[in-house]
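Since the structure comes first, as structure tokens, the remarks are kept for the end.
Each reported figure results from applying straightforward, stated rules to the coordinates on display, with no laboratory input. This structure is a prediction, so every number in the text was calculated from the model and none was measured. Cβ atoms come from the backbone with ideal geometry, glycine included; neighbour counts cover every protein chain shown.
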Amino acid sequence: MLPIDLTGKRAFVAGIADDNGYGWAICKALAAAGAEIAVGTWPPVLGLFQKSLERQKLDLALRGGGAMQIAKVYPLDASFDAPEDVPPEIRDDKRYKELSGYTISEAAAAFEKDFGAQSLDILVHSLANGPEVRKPLMETSRKGYLAAVSASAYSNVSLIQRYAPLMRPGGAAVSLTYMASERVVPGYGGGMSSAKAALESDTRVLAFEAGRKYGIRVNTISAGPLPSRAAKAIGTIELLVEYYRRNSALPEVNTAADVGHTAAFLCSSLGAGITGTTVYVDKGYHSMGMEPSAVDAAKQG
């Protein structure tokens, strides 16, 4: 038996707001393997998330038994690196006004205060936002495009800048990307395809830089579509899920658990030789060059 054992490891997962997406599945997989979990949550949904946790309304059950425990929830808006970056309209917004310490540098400092230096083993970037995601690229504004790249790609650079110094040698960072980085996915607009391409490129560079400087590995997972609450912002997620099911090498839809288990593997000692890589978890969709249904139709014709 060759188990994934993360006993004694600590993970920080950025971008957790509910129990419905890939980020939550990654938390559960890491916890099931023995890791301690801390999370960063977007301020506008922080209160609801904390209440759901307190009232045990989230799916905390772990494979193999037991329930996931979250050691700490930090407010985190990964669009901002430091307090001086937060514009007045955000700072004064009712969803932010009562909060402090939600920029990336402040969240990292709070983490270090709570757990100490050299206290982190796993860093997960599970967040993305494109305010104009429903707009075609040709109709996307400069502001919308840059916002998508900032929140969805540069945020990973910033997280590694601030959290890598807190990580023990042999640690691992993982992010989530999507096939739109390399192929056209109509409806996935607003600069989000560009952001995912940047995320994958940055993964390779960060693997080198953070690997040499801190001894950590950096990878990204290209996951198939999942009808999570966040993904529904695209507006065509159910169509994408069905398209993948019909046209993947395995005619199935990947689950959140599939991605969670892959992340746990990459962050464990079993993945010690893997860095700078995009790992596809999409039932083989990425390997296909023609729709199977087209071949079937031709045969019948």
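Brief remarks on what is shown
- Mean Cβ count within 10 Å, highest first, over the residues of peptides 80-86, 154-160, 286-292: 154-160, 80-86, 286-292
- The amide H of residue 10, built 1.01 Å from its N in the peptide plane, has 36, 121, 122 as neighbours under 5 Å, considering only residues 5 or more places off or on other chains.
- Given +1 at the Cβ of Lys and Arg, -1 at the Cβ of Asp and Glu and no other charges, the dipole of the range 163-294 around its Cα centre is 360 debye to the nearest 20.
- Annotation: the residues 278, 220, sorted from fewest to most other C-beta atoms within 10 Å of their own C-beta, follow the order 278, 220.
- Our coupling estimate for the range 194-202, obtained by passing each phi through the Karplus curve with A = 6.51, B = -1.76, C = 1.60 and θ = phi - 60°, is 5, 5, 5, 5, 5, 4, 5, 4, 4 Hz, Gly and Pro reported as x.
- Least to most buried among 57, 196 (fewest other Cβ within 10 Å first): 57, 196
- Projecting label points 7 angstrom from Cα along Cα→Cβ for residue 93 and residue 201 puts them 2.8 nm apart.
- Signed unit charges on C-beta, dipole axis of the range 1-108, positive-most listed residue 60, 16, 96: 60
- One Cα centroid belongs to the range 241-257, the other to the range 77-96; the line between them spans 38 Å.
- What you get for the chain, charging only the Cβ of Lys and Arg (+1) and of Asp and Glu (-1), is a dipole of about 180 debye around the Cα centre.
- Dividing the summed helix terms, -39500 (n - 2.57) for each DSSP H run of n ≥ 4, by the number of residues in the chain produces a 222 nm estimate of -11000 deg cm²/dmol to the nearest 500.
- Among 91, 10, 134, the ranking by other beta carbons within 10 Å of each residue's beta carbon, starting with the fewest, stands as 91, 134, 10.
- Report note on the peptides 242-251, 201-210, 174-183: ranked by the mean count of other C-beta atoms within 10 Å, highest first, their order is 174-183, 201-210, 242-251.
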